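Just so it is clear, none of the values below were taken in a lab; they were calculated from the coordinates. All values reported here derive from a predicted model rather than from experimental measurement. A quick note on method: Cβ atoms are made from the backbone with ideal geometry, for glycine too, and the neighbour counts reach across all protein chains shown.
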Amino acid sequence: MGDFSLLLPELVVLLAALVAFAGSALTERYRPIWAATTLVAAAAVVVTAALFTATGSPLFEGIYQVDAFSQLLKLGLTVGLLLTLLASCEVPTVRAVARPDLPIFLTLSTLGMMLLVSATELLTLYVALELSAYGLYVMAALHKDQRMAGEAGVKYLLFGGGASAITLYGLSLVFGAAGSTYLSDVVQVAQAAPSALFVVGVVLTLSGLFFKLAVLPFHAWAPDTYQGSPHQVATFIGTTSKVAAVGVLVRVLTLGTGSTTITTLLVALAIVSMTVGNLAALAQRDVKRLLAWSTVAHAGYVLLGVVTLSEVGVASALFYGIVYLIVAFCAFLVVTTLGRGGSNPTLSDLTGLYKRAPLIAIVLLAGMFGLAGVPPTPGFAGKWFIFSAAMQGGLFWLVLIGAINATISLYYYLRVVRAAYQTAAGDGALPLTVTPASKLAAVIAMALVAFTGFYPGPLWDLAERAARALMGG
């Protein structure tokens, strides 16, 4: 098959979507559809890992590239899909009639994200972006509570549609200034003397992509969408989709090399996102809203890494994106476990978790410490690489602001941990039932946290290799 064998990961995920679609047509029972889709998703992880080091020349007349950059992100995306499906063995917050369709949208959205991180042509990039988004828009509105579903779905759709329009307009300006839709040609224009039209086009394109990453002020959808969407959907939006967002953002940022306007914009948004995200999270008692505001803050950390637009900065952002997927999933897994009754868990619902579900309490500890950047979790290594990249660019004052924000975040992350390890009044809380699939997801996530925390070197080497492939080093 030649280079087309490199498309096997995408084809296996497409197969998972077809299996889910066929299952929903044959039966209304959710569990068989879920089991079959999860098995194929596991195969996608294996295939992606097996082809991890395989690269080739651009496919389809140069619009699609399989390289170290895309392979790293695809591995993260397939792992995120598998973990989300494992946590979706039971979906009580999803309307019963829509449950068989959930695996379809999860797999199709993941397929769009995989296409997105390999796209090397503007129109292909936009089509993949929309494919990844449509499934998310639908899933956000599947909550069994009609009021919550309407608020989450409508806000996500309206803000997402606006962001897509801005992105498309920005891409049209980039094409007008560069005379080509191929990123290889556009980068040459960026490295020369880009016109004002070109810079405006890149800024508008980035503005639309900032929505995907929940960068402030493009974050307004996040708290309400996280709170109002089904727990597993919020998990997918808050983890897997962020990996794709980091990937496409970094790829588009290569067009802004040398532009002081774009650098200034990144610095400003990084500061605002980190600060407002952390301060807003301090006041939250709903765990999903807390994680939503935490996402805004972490988007700021990602921008802190890429603000220098250097190879080491790109590597640090990629490392951080993969690590964030792992530790954030740990936090969201607690939400799906506590919220099996259909409600959104609050801090008070965490009380006595260490006795009610010891495994989930350990997962929560790993997730919150990882998000806070406490050693020896991978979150610490992620922040270390992010701050190091900014310091190498001479942005010491920006690193100081990031460190202050990381310190602020410790308060609300530790508050969650404290609630989970606090004894319930009367010590009479009933044990939580955890599905075997969720236990497996917890074990996989904990293994990934332990490995990347104690041995961050291998993942960092992969991130450096991916950055070199993207930057042409």
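On the basis of the beta-carbon distance and an R0 of 56 Å, residue 407 and residue 15 show a calculated FRET efficiency of 0.75. A cut-off under 9 angstrom between Cβ atoms defines the neighbours of residue 66, and their net charge, with Lys, Arg +1 and Asp, Glu -1, is -1. Annotation: amide H-H contacts under 5 Å for residue 216 (H modelled 1.01 Å from N, sequence separation of 5 or more, or interchain): 273.
Taking K and R as +1 and D and E as -1, what net charge do the other residues with C-beta under 14 Å from the C-beta of residue 252 add up to? Result for the local shell: +1. Each part gets one Cα centre, and for region 327-369 versus region 140-175 those centres are 29 Å apart. Would you mind checking region 77-120 for residues with the amide N under 17 Å from a putative spin-label position 7 Å along Cα→C-beta of residue 28? Once the point is set 7 Å along Cα→Cβ of residue 28, 94-102 turn out to lie under 17 Å by backbone N, inside region 77-120. Were the residues from residue 169 through residue 282 laid out at 0.36 nm apart, the gain over their Cα-Cα distance would be 37.0 nm. Around the amide H of residue 120, modelled in the peptide plane, lie the amide H atoms of 64, 65, all under 5 Å away and 5 or more residues distant in sequence or on another chain.
Scanning residues 5 or more positions from residue 94 or on other chains, those with amide H under 5 Å from its amide H are 144, with H placed 1.01 Å from N in the peptide plane. The count of lysine pairs in region 2-471 with alpha-carbon distances below 18 Å, taking only pairs 8 or more places apart or on different chains, stands at 11.
Our helix-only sum for the chain, with -39,500 (n - 2.57) per DSSP H run of n ≥ 4 divided by its residues, gives a mean residue ellipticity at 222 nm of -25000 deg cm²/dmol. Summing charges over all other residues whose Cβ lies under 14 Å from the Cβ of residue 300, with Lys and Arg as +1 and Asp and Glu as -1, gives +2. Here region 2-471 was treated as a single set of alpha-carbon atoms; its pair distances binned every 20 Å from 0 give 27, 61, 13, 0 percent.
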